[in-house]
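A.B. asks: Before I ask anything, let me first share the structure, which is written out below as structure tokens.
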Amino acid sequence: MAANTTASLFYIEFEGLDPLPIRSITEVKFEAQVAGADTEIESTKGGRTLRQATSSGFQTTPSMTVEINMSGDQLSASRIVYDWFNESLPASALGNANWAGARKSIGITVYDPDGQTQVMRWDVRNAWVKSYSIVDTDAAGSDLMVESYEFVAEDITKTVGMEQAAA
């Protein structure tokens, strides 16, 4: 039986860059499309109605939402992911209008509190930033400002750290 793990370090990885820390992963979402469940296929002598439901692919493309502490540092996750988002914005929104060129394959990795043991990883293929928002902030508060990004991808593959898989 595998032990439960408290993960505390989250990183986003872009090809050619060192892993960049992120605050959290709030959602990884695949939504299947179901067909046939709304139509009866037969009724038994006892009055029981039978239905058949089947999967007919995905209703939406796979997506993932991450939160990043806001920073103006050129090498921060905040700046690099925002620049990536800006790459795909249309020129009318003051973006670089390079949606096709802005698709990237990235990795999201979760480590144990020791920072050495990989607990979970998602390989995100041909992703782009679908939405950007800043979570509620308060000028009188002491919380850091947080940016939220939703990535949409052709494929998200979850892999478990090899240390856990061997347990």
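A.B. asks: State, to one decimal in nm, how far the label point of SER142 lies from the label point of LYS45, with both points 7 Å from Cα in the Cβ direction.
C.D. replies: That separation, rounded to one decimal, is 7.5 nm.
A.B. asks: Also, I was wondering about something else. Cα to Cα, under 26 Å, and not fewer than 8 places away if on the same chain: which lysines meet these conditions relative to LYS130?
C.D. replies: LYS29, LYS104, LYS158
A.B. asks: Please report the net charge: other residues with Cβ closer than 12 Å to the Cβ of LEU75, K and R +1, D and E -1.
C.D. replies: On the way: positive: ARG79; negative: ASP18, ASP73, ASP83.
Its environment carries a net charge of -2.
A.B. asks: State, to one decimal in nm, how far the label point of THR61 lies from the label point of GLN74, with both points 7 Å from Cα in the Cβ direction.
C.D. replies: Each label point is offset 7 Å from its Cα along the Cβ direction, giving 3.1 nm.
A.B. asks: Another question about this same structure. Return the distance in nm (one decimal) between the two label points of a simple spin-label model at GLU15 and SER131, each offset 7 Å from Cα along Cα→Cβ.
C.D. replies: Output for this residue pair reads 2.9 nm.
A.B. asks: A further question follows. If R₀ is 41 angstrom, what is the calculated FRET efficiency for the pair SER92 and THR159, using the beta carbon separation as r and rounding to 0.05?
C.D. replies: Numbers: r = 39 Å, r/R0 = 0.95.
Computed FRET efficiency for SER92 and THR159: 0.55.
A.B. asks: Out of segment 58-167, which chymotrypsin sites (Phe, Trp or Tyr not before Pro) are coil in DSSP terms and have no more than 15 other C-beta atoms within 10 Å?
C.D. replies: Values: sites: PHE58, TYR82, TRP84, PHE85, TRP99, TYR111, TRP122, TRP128, TYR132, TYR149, PHE151; in loops: TRP99.
Hits after loop and neighbour filter: TRP99.
Where a number appears in this text, it was derived from the coordinates with a stated rule and is not lab data. Fair warning: this is a prediction, and the values are worked out from it, not measured in the lab. So basically every Cβ, Gly included, is an ideal-geometry build from the backbone, and we count neighbours across all protein chains shown.
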